[in-house]
Amino acid sequence: MFDHLLLLSTVLLFLPLVITVPPPGGAPPAPCRRCCDDLELQKGPPAPQTGDQKSDLNQMPEVRTYINMTILKGDKGNRGDRGTPGKSGEEGATGSRGPMGPKGTKGQAGPPGDPCKIQEAAFSVGRRKSLHSVDYYQALVFDTEFVNLHGHFDMFKGKFNCHVPGIYFFNVNIHTWNFKETYLHIMRNDKEQAIVYAQPSERSIMQSQSLMLPLELNDEVWVRLYKRERENAVYSDDVDVYITFNGYLIKPTLE
């Protein structure tokens, strides 16, 4: 590239000298003739030239230099560093709500919860068969289930097991037997809480007992027959339910 520039500079330097050399003998250069000069002579003699017009013939012609920039173009430079991000534009308007997507698949079942967190408990059971006590202490077992929420009442043992600590209400209803004593206790674990009693009589009657008890976790509430010297019995039949035992939670200890 430097050799091209040097050659171009040399040509431009000597070009005026070649053009301005006068002809030998010092004679002024002959004026240029045009193809239309003969027509102008027919119209009349040319006007005499002034001194300025004569001097223009001896002046050096104007030389305009031209540089081809394509030969001066260098190699492509490296890419510059990335500029800093501009400011965020104005927030656009909220778009319309899109269509509802397809329903997802059913998730897996979660782990079982803590039984103590179940804040409800209730049961209602009955007995359709009469019972004569044969032992001094005998649990009253039931054969009919009306309500047994979460299975807290054990039908085989005839006992309610507390899964939710709190205050409970209990009620027992029995039908006496003619000429026989009726003697029962509402039990909390192994301790008597209330009695249901009827003396022997010619007439059979309905007896009832109710109470509220505070229970702790795993306490048991049940009905026990107590036999003394006389025969102890409760009456029922296969048609109607004469004997019932009920209980439910009034207020849990922890809410």
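At 1.4 Å probe size, put Y197, Y137, Y248, Y168 in order of accessible surface, largest to smallest.
The most accessible residue leads, giving Y137, Y248, Y197, Y168.
With the contact rule set at Cα under 8 Å and sequence spacing of 6 or more, what percent relative contact order holds for the range 166-221?
Relative contact order for the range 166-221 comes out at 47 percent.
The values are calculated or read from the model by the stated rules, or taken from the named source; none is laboratory data. From a predicted model like this one, the values you see are computed outputs, not experimental measurements. For accessibility, only protein heavy atoms count, side chains too; no ligands or nucleic acids. Shrake-Rupley method; radii C 1.70, N 1.55, O 1.52, S 1.80 Å.
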